[in-house]
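Structure record follows, encoded as structure tokens.
The values are calculated or read from the model by the stated rules, or taken from the named source; none is laboratory data. None of the values given here were measured: they were computed from a predicted structure. In this analysis, Cβ positions are derived from the backbone assuming ideal geometry, glycine residues included, and neighbour counts consider all displayed protein chains. Quick note on the areas: whole protein, heavy atoms, side chains included, nothing else; ligands and nucleic acids left out. Shrake-Rupley method; radii C 1.70, N 1.55, O 1.52, S 1.80 Å.
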Amino acid sequence: MPKPLIEVRDAKKVYQMGEEKVWALKGVSLSIEQGEFVAIMGSSGSGKSTMMNLLGCLDVASEGNISLDGVDVSQLNKSELAAIRNRRIGFVFQQFNLLPRTSALDNVCLPLLYSDVPENEWPQRAEKCLQQVGLGTRMDHHPSQLSGGQQQRVAIARALVNQPLMILADEPTGALDTQTGMDVMALFGELHAEGKTIILVTHEPEIAEFAHRTLTFRDGELVADERNASPRIAQRSSV
Amino acid sequence: MKLLILFRTAITALRVNILRSFLTMLGIIIGVSAVIIMVAMGAGAQQQVDNQIKSLGGNVFFVMGSFRSSGGARTAQVVRINEDDAGLIERQVPGVEAAAPYLSSNGQVIYGNLNWSTGINGIDNRSFQVRDWEIADGREFTQQEIQSGAKVAIIGERVHKELFGISNPIGQTMRVKNFNVTVVGVLAEKGQDARGEDQDDVIFLPIKTVRNKITGVDSTNPKSVRFIQVSAYDGEDMDYIEEQMRELLRQRMRVPANADDPFRIRNVSEMIATRAETMQVFNTLLAWVASVSLVVGGIGIMNIMLVSVTERTREIGLRMAVGATPIDILRQFLIESIVLCGAGGGIGVLIAYLFVFLGNNYGIGAGGVIDTQVVFLSLGFSALIGVFFGYYPALKASQLEPIDALRYE
Ligand SMILES: Nc1ncnc2c1ncn2[C@@H]1O[C@H](COP(=O)(O)OP(=O)(O)OP(=O)(O)O)[C@@H](O)[C@H]1O
Ligand SMILES: [Mg+2]
């Protein structure tokens, strides 16, 4: 049996709030294989985002171990974590987090700035990713000239540009209406079909239906881990 | 991350807030241009002084009478030196080229219905030798005119312009105070002297004419003069000549060994040099004040960079999320601050050049001589300010935790 892509063992996260300690994660263990499409669900404050931030190396666990692709990330320093985020992980945020007054193309190029990819390859790479998300004709547009759904697709192209092992999306449809949300989910479906590992956090059961596996959190603990025998498939509507 | 990309990123970021970037640079712009202008003005003044010393022949003394002292105390009695002293100095002090006696006064000069108030100097022809006066038109006085105290005049260019305009004054009769003189010569233009006085605003008459008609004859010292101008040959030891003149005059006036000199000897180039030194000190002081304004500009940069880091916390978080290391972030903000200061310095240099150019060519502002060394020094200094005052904000940015920065509202 191959080693899983992600392996979490008894991960805990505690926040110090003045005198009080808040346990955001109370000992979570899980493993995710390469190529899986996983939804993380749970009520507000259950620790979903905290878990995602640990998986994405944006934050480090207070206790326990997390290994990505065989590397124990709890032992790494800031620069090494930055390199992992750059090469292995693509982030998609609820609020898109695009650089304002910067073209879609330059936004997509951002992770390449911090990679080893030679500069002359940047435009092709970014263009390819924008085409993949259906924005081949909007490359010069600034975020303010794009709809919410289009902005989120630029963000997905940015997550793809360094060919990461996994895509982490924290409520990617949270700021979108139902129809554009469906479009974005269709895009994730396509990426999954191409073999990408996708982990997304959502509140909405109909979004989670797209995933092949659902992890449910409650009060900082993993309470359910279910397989979805017949995941939903959506067609992308036109741009 | 490559340097070129860092610079491009920095310029893009600064362009987004172009007005603020410019206002931030203003401190550096003013500081750099002020430093360069101050130093240029200092150098320009120095050059002017050098030219003035050169135009005076470089080795000229003034000798004038002073109070006689008796028993260590000054008396009210003014000793006047006379024409014979001039002859004595010229003949007996080795190294002296010429010694020219002067009687000076001033008054109205009238030609036709025009009148002009000017300096009236009584001289003999030796003055032309001592002061390097050139005759532009006409001639010097003749020996006969000097000895007889003839009513003839040589006029400065300013007087020429004021009274005669463009017409030829030679042979014309004009009125000096209450007598008529004939103009026999016009002096070549000389410009301003070290005090900024117009050297061309003058007329020359034979010394005897001035004495008889204007200042009056001192019965106890009938050949007295206001001062003697002495020129030495090039390369002579000025201090030695001064000492020789002093001894000669003391002997001639029979001054007791313990009494002060009843006359004064001034070395003109030394006087100018002393004044130049004072000016130099003043200019250096101003340049330092300007440097302080550079530092103040640097603090302004630091302030804005801190604001910018706070404003762009989410951007920093995003960059970190997609792979920027703390060093990457540190460099980004440091380069931004260096670009800000460097651009400010560059604009400052341009302004300084413009200012000095206008000063030199059109008399707007102040003229001077720009030292390229100072230009590079102040450019380097402003880049250094960029590093120094940009470091702390950049460090703060680099030390942010990615997750906190991303969440920052
Ligand atoms: N920086 C922080 N400081 C203190 N407490 C925090 C911090 N971040 C999260 N928490 C706490 O940890 C717990 C889990 O938060 P988390 O953001 O993971 O919830 P979530 O499941 O993502 O919720 P939501 O669905 O509302 O996004 C919450 O109780 C929250 O208050
Ligand atoms: Mg959350």
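Here is how the numbers come out for the structure above:
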quantity: Residue in the range B:334-349 that is within 14 Å of another protein chain (Cβ to nearest Cβ), in a helix (DSSP H, G or I) and open to solvent by less than 30 Å² (accessible area, probe 1.4 Å) present; calculated: yes
quantity: Among (1) part of a strand (DSSP E or B); (2) closer than 22 Å to residue B:99 by Cβ - the single one residue B:181 does not satisfy; calculated: (2)
quantity: Residue in the range B:199-211 that is open to solvent by 40 Å² or more (accessible area, probe 1.4 Å) and either free of Cβ contacts under 8 Å to residues at least 12 places away in the same chain or polar (S, T, N, Q) (or both) present; calculated: no
quantity: First in the range A:156-173 and within 18 Å of residue A:136 (Cα to Cα), second anywhere and within 16 Å of ligand 1 (Cβ to nearest atom) and not in a loop (DSSP other than H, G, I, E, B), Cβ under 6 Å, 6 or more apart; calculated: A:156/A:92; A:159/A:91; A:159/A:92
quantity: Residue that is farthest from ligand 1 (Cβ to nearest atom) [pool: residues in the range A:31-49 that are more than 25 Å from residue A:190 (Cα to Cα) and open to solvent by 20 Å² or more (accessible area, probe 1.4 Å)]; calculated: A:43
quantity: Total residues in the range A:72-92, condition open to solvent by less than 30 Å² (accessible area, probe 1.4 Å) and either in contact (Cβ under 8 Å) with a residue 40 or more places away in the chain or away from chain B (no Cβ under 11 Å) (or both); calculated: 6
quantity: Matching residues in the range A:164-191 - criterion: being within 13 Å of the chain's Cα centre (by Cα) and in a loop (DSSP other than H, G, I, E, B); calculated: A:164, A:165, A:171, A:172, A:173
quantity: Checklist (1) in contact with a helix residue (DSSP H, G or I) (Cβ under 6 Å, 6 or more places away or on another chain); (2) open to solvent by 10 Å² or more (accessible area, probe 1.4 Å); (3) not aliphatic (A, V, I, L, M) applied to residue A:171, failing item; calculated: (1)
quantity: Index of the failed condition, residue A:21 passing every other in (1) closer than 30 Å to residue A:195 by Cβ; (2) surrounded by fewer than 15 Cβ atoms within 10 Å (Cβ to Cβ); calculated: (1)
quantity: So residue A:223, is it on the phi < 0 side of the Ramachandran plot, exposed (fewer than 13 other Cβ atoms within 10 Å of the Cβ), of a type in the set (Val, Ile, Thr) and modelled with pLDDT of 90 or more; calculated: yes
quantity: Test: residue in the range A:43-53 that is more than 13 Å from ligand 2 (Cβ to nearest atom) and within 25 Å of residue A:210 (Cα to Cα); calculated: no
quantity: All positions within the range B:284-333 that are more than 18 Å from residue B:407 (Cα to Cα) and small (Gly, Ala, Ser); calculated: B:287, B:290, B:291, B:293, B:297, B:298, B:300
quantity: Filter result (outside any loop (DSSP other than H, G, I, E, B), of a type in the set (A, V, I, L, M, F, W, C) and either buried (at least 20 other Cβ atoms within 10 Å of the Cβ) or within 14 Å of another protein chain (Cβ to nearest Cβ) (or both)) within the range B:382-409; calculated: B:385, B:389, B:394, B:395, B:397, B:403, B:405, B:406
